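Trainee: One structure coming up, written as structure tokens, with questions to follow.
The values are calculated or read from the model by the stated rules, or taken from the named source; none is laboratory data. In this text, all values refer to a predicted model and were calculated from it rather than measured experimentally. So basically every Cβ, Gly included, is an ideal-geometry build from the backbone, and we count neighbours across all protein chains shown. The accessibility values were calculated without ligands, DNA or RNA, using every heavy atom of the protein model including side chains. Shrake-Rupley method; radii C 1.70, N 1.55, O 1.52, S 1.80 Å.
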Amino acid sequence: MKLHLSSPAGRNAFTGYGDGYVAVNGVNYRKNLLVLPDLLVEDWPVSRFEDLAETHFAALLEWTPAIVLLGTGRNQRFPRPRLHRVLLEARVGLEVMDLAAACRTFNILAA
């Protein structure tokens, strides 16, 4: 699916997604990413949902998010609560959704 959105210069937006990829600002990626409105982190060390650990969620606090959107691929999958407890303790919201919903929601929130 292609998304069409005009976003301010220097701001990230999902411009497409499909089986095994996302497009950010027109560039396709076939790996897991951290996408912030003004930053794209390509070297996130998690390649599979099963590899998520508490340290991965704790590392997100570096960017002082108000909310974290976790896109889990084609299907919505919830990580174990102990893994994201650090976000709860820091009063950071966590929304877990399938990839398509995460892309759309990010674009709305970042706009």
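Trainee: Could you give every pair whose Cβ atoms fall below 6 Å, whose first residue belongs to the range 83-111 and is open to solvent by 50 Å² or more (accessible area, probe 1.4 Å), and whose second residue is among the basic types (Lys, Arg) and not in a strand (DSSP E or B), counting only separations of at least 6 or pairs across chains?
Mentor: Once the first residue is open to solvent by 50 Å² or more (accessible area, probe 1.4 Å) and sits in the range 83-111, no partner that is among the basic types (Lys, Arg) and not in a strand (DSSP E or B) comes close enough.
Trainee: Follow-up. Inspect all residues belonging to the range 56-69 and state whether any of them is touching a Phe, Trp or Tyr at 6+ places or on another chain (Cβ under 8 Å), in contact (Cβ under 8 Å) with a residue 60 or more places away in the chain and either in a helix (DSSP H, G or I) or open to solvent by less than 90 Å² (accessible area, probe 1.4 Å) (or both).
Mentor: The answer is no; no qualifying residue exists.
Trainee: Here's another thing I want to ask about it. Exactly one condition in (1) within 12 Å of the chain's Cα centre (by Cα); (2) under 19 Å from Arg30 (Cα atoms) is not met by Leu94; state its number.
Mentor: Going through the list (1) within 12 Å of the chain's Cα centre (by Cα); (2) under 19 Å from Arg30 (Cα atoms), Leu94 breaks only (2).
Trainee: Just checking, does the range 93-107 include any residue being touching a Leu at 6+ places or on another chain (Cβ under 9 Å) and part of a loop (DSSP other than H, G, I, E, B)? Working first, answer last.
Mentor: Keep residues of the range 93-107 that are touching a Leu at 6+ places or on another chain (Cβ under 9 Å), which gives 93-97, 101-107.
The next check asks that each one be part of a loop (DSSP other than H, G, I, E, B); those that pass are none.
No, the range 93-107 has no match at all.
Trainee: Let me ask something else about it. Looking for something open to solvent by 50 Å² or more (accessible area, probe 1.4 Å), within 16 Å of Leu109 (Cα to Cα) and touching a residue at least 12 places away in the same chain (Cβ under 8 Å) - is there at least one such residue anywhere in the range 28-38?
Mentor: The initial filter retains those residues of the range 28-38 that are open to solvent by 50 Å² or more (accessible area, probe 1.4 Å), namely 28, 30-32, 38.
So of that shortlist, the ones also within 16 Å of Leu109 (Cα to Cα) come out as 38.
From the residues that got through so far, the ones that are touching a residue at least 12 places away in the same chain (Cβ under 8 Å) too are 38.
Yes, because at least one residue in the range 28-38 is open to solvent by 50 Å² or more (accessible area, probe 1.4 Å), within 16 Å of Leu109 (Cα to Cα) and touching a residue at least 12 places away in the same chain (Cβ under 8 Å).
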